[in-house]
Amino acid sequence: MTDVVKNSGIGPDSFYRTYCGDPPPPESLWAHWNFDPFVLCFLGLLLYFACRSPRHYTGLAATAVLFITFVSPLCALSSALFSARVAHHVLLFTVAAPLLAAFAPTRRATTTAGAAFVVSSLILWVWHAPPLYDLALSHVGVYWLMQASLLLSAVWFWRVVLDARRPAVQSIYLTVAGLTQMGLLGALLTFAPEPLYAAHASASLAWGLTPLADQQLAGLIMWVPAIVPYIIVGAWRAHSAWSQLLDRTA
């Protein structure tokens, strides 16, 4: 274990108490659904507006992803496994956020591309710093601050990227920058020589993973699957720009 874990005051059989509850054992995972009225009301409102919108497909898809992240047993699993927590964050940052951005696009051209990238990237990295991450998993208020800031900053970033009035080249640069910083964070987690997070000091053992193996799996999730949405959006923007160019020259 790292000094972070050793100095945390957490014994091998004790766990952080998080919003999603105590780490569940594998045999009872599917009994751990989160029916928090606040979350259900929020998803209900989002579902209502999605059904009334001409962009209902993206709204419904975003609602489904948020349901998976906050209501399904993935929420409870993320208390046990850091890799599940990273999957949770990846779903928020690279799936739910672009869907929400497409569901409610900006009405005016945006001019803050650099700021959107810097702020969203900084928030992602800051919340994965071990002290802040462990704090978020031990305090419900800080937990929701982490979730809200990750999602809102990512929506801002994806609104900029998906803005059709923005030059396609700039959007492509942003997606490349986004997947690069995501990949760097994933590589850092994958190749760290020791586990970094006290909150997952021992819970992964019940799932057949050492804390270090769990962290390496988390890094691979952030390093490989997490960059796929950036590639898809970048390719879509490139295809759209190419099609418009062909139409103009036809």
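Give all pairs with beta carbons closer than 7 Å in which a residue from the range 208-235 that is free of Cβ contacts under 8 Å to residues at least 24 places away in the same chain and on the phi < 0 side of the Ramachandran plot meets a residue that is small (G, A, S) and surrounded by 14 or more Cβ atoms within 10 Å (Cβ to Cβ); count only pairs at least 6 apart in sequence or on separate chains.
Sorted first by the residue in the range 208-235, then by its partner, the pairs are T210/S204.
Could you name every one of the helices (runs of 4 or more DSSP H) located completely within the range 147-250 that has at least 2 residues being in contact with a Lys or Arg (Cβ under 6 Å, 6 or more places away or on another chain)? Don't jump to the end; show me each part of the working.
Numbers: elements: 168-191, 211-223, 228-249.
Passing ranges, in order: 168-191.
Just one of (1) among the hydroxyl-bearing types (S, T, Y); (2) at pLDDT below 95; (3) in contact with a Gly (Cβ under 9 Å, 6 or more places away or on another chain) trips up S240, so point out which.
Single failed check for S240: (3).
Which is under 20 Å from L188 (Cβ atoms) and either open to solvent by less than 10 Å² (accessible area, probe 1.4 Å) or assigned to a helix (DSSP H, G or I) (or both), of L100, L77, L92?
L92
Considering only the range 130-150, state which residues are open to solvent by 30 Å² or more (accessible area, probe 1.4 Å), among the aliphatic types (A, V, I, L, M) and under 15 Å from the mean Cα position of the chain (by Cα).
Of everything in the range 130-150, those that are open to solvent by 30 Å² or more (accessible area, probe 1.4 Å), among the aliphatic types (A, V, I, L, M) and under 15 Å from the mean Cα position of the chain (by Cα) turn out to be L145, A148.
The values are calculated or read from the model by the stated rules, or taken from the named source; none is laboratory data. Keep in mind it's a predicted model, so treat the numbers as computed, not measured. Please note: Cβ atoms are built from the backbone with ideal geometry, for glycine as well, and neighbour counts cover all protein chains shown. When the accessible area is computed, the model is the full protein with side chains, heavy atoms only, and any ligands, DNA or RNA have been set aside. Shrake-Rupley method; radii C 1.70, N 1.55, O 1.52, S 1.80 Å.
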